[in-house]
Amino acid sequence: MTDTIAPPVAQTSLPVPSALPAPEPLVQRRLLQTQIPGPRSVELQRRREAEVSGGFGVTLPVFVEQASGAIVLDVDGNQLIDLASGIAVTSVGASAPEVVAAVAEQAARFTHTCFMVTEYDGFVDVAAALNRLTPGDHEKRTALFTTGAEAVENAIKIARTATGREAVVVLDHAYHGRTLLTMTMTAKHVPYKAGFGPYAPEVYRAPMAYPFRAPGGPERATEDALARLEEIVLTQIGADRVAAIVAEPIQGEGGFIVPSPGFLPGVAEFARRHGIVFIADEIQTGFGRTGRMFASEHEGIVPDLITTAKALAGGMPLSAVTGRAELMNAVPPGSIGGTYAGNPVACAAALAAIEIIERDDLAGRARDIEHQVLPRLQALAAQTGIIGDVRGRGAMLAMELVKPGTTEPDAAAAKAIAAHCHAEGVITLVCGTFSNVIRLLPPLVIEPELLADALDVIEQAVREHAVQSAEAGA
């Protein structure tokens, strides 16, 4: 009897819709068609409130239709100048064409396999780029994850495994994330920690060298903060129990605080002396944001481990821990990772974003932004009397609002000034331990004329509030 082979069964598939044409890039100018938020955004906001957890806050309740460069187009046709960059994420500009193309090409090939199941070269390519770009010429290894908090938490796991120690030291005003461990490491109670206790154990806090609010004055900020940190570690914790000291080279959510000169090098040297891993949290400061590829470079700091995210992948979720090979290899196989860690689409976006940052010298563009913005903010501070401090580096700049003639934080002023900017089509963010800091995080590709327009709006907002404050106090 002859075997017969059944003919192949025809495979059926759903029809694949043709790709929609890419929208034209937005003209880079501010345009208001309605009040902010407009009627369509208000309508969608009501639906959001009926469907989404109230635990999500919102800075500006507008719904986005499109974004490109430094402009956000909302569903009411308003074009807003973006001085937030999705909190320092879209440094290469929103929907950068190279990033979009890389995402589309990779998504068409495969969107996911899990790197711990089957591998792909994009993961390795991103690791190689980070090993090359991060400070120091020592041998490095990189691990990829998804969120900034995940990177920080894994850096702590690596430091604890490598040292055999448990304690972690962080700084006043720090922000490191929203997971249990990183929330514990974060300084500000509301909204990040309230009601979420008990907190993770073995996390200790030391002073930050915050020049504007240093108890002994800015000239003593470094000396006093270092002395206090050493005292806490040596007498209260025990240096032989400390796995890591974690610091943001410029503090983000805490108020864009630039440490006084010499503080971070002093912390790094103290850590080395006692066998403590020094971790630089560069999640907000990395990839050209401060005028150098990494903010640690401003004072020649070479961290043992460095965490990155945000601008790494041009808007896609990707984070990393990069550091000394002997530390990164101290953890056993299978002990770190994650289902979506180093997703292939995000890796493709990262490679495109990194190429743009290097090719177009976006760190240099950040320095240009500083030169354009800082003098205007400093003049505004001198003329209005409600700005206690202007600070920052590159395109990570801020002004701290205070009650006139004092250093008392004025959260109401920051809120009112931000609201004025929002109403005029400029997206700004409030931050700081005392919620009194306006921070500016424009895309590094923002055009000078567009940035000047945004600064005009900010200046008007500050001046009007200063007049109102003077009238109220008269």
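Values in this text are rule-based calculations from the coordinates and carry no lab data. Source: prediction; values computed, not measured. Glycine also receives a Cβ, built like all others from the backbone with ideal geometry; neighbour counts cover every protein chain displayed.
What does the charge add up to near Gly217, with Lys and Arg as +1, Asp and Glu as -1, over the other residues with Cβ less than 14 Å from its Cβ? Each step should come with its number before you reach the end.
On the way: positive: Arg213, Arg220; negative: Glu219, Glu223, Asp224, Asp389.
Local charge sum for Gly217: -2.
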Mind checking which of Gly148, Thr163, Ala346 is farthest towards the positive end of the chain's charge dipole, using Cβ charges of +1 (Lys, Arg) and -1 (Asp, Glu) about the Cα centre? Thr163
Cα centroids of the range 126-198 and the range 267-316: how far apart, whole angstrom? 11
Test item: Cα-centred dipole of the chain, Lys/Arg +1 and Asp/Glu -1 on Cβ, debye: 760
Where nothing but the Cβ of Lys and Arg (+1) and of Asp and Glu (-1) is charged, how large is the charge dipole of the range 301-417 around its Cα centre, in debye to the nearest 20? 180
Using a/c under 1.5 as the rounded threshold, could you call the chain rounded, prolate or oblate? The axes a ≥ b ≥ c are square roots of the C-alpha gyration tensor eigenvalues, and prolate needs a/b larger than b/c, oblate otherwise. oblate
Could you count how many Lys pairs in the chain have their Cα atoms under 29 Å apart, skipping same-chain pairs fewer than 8 positions apart? 13
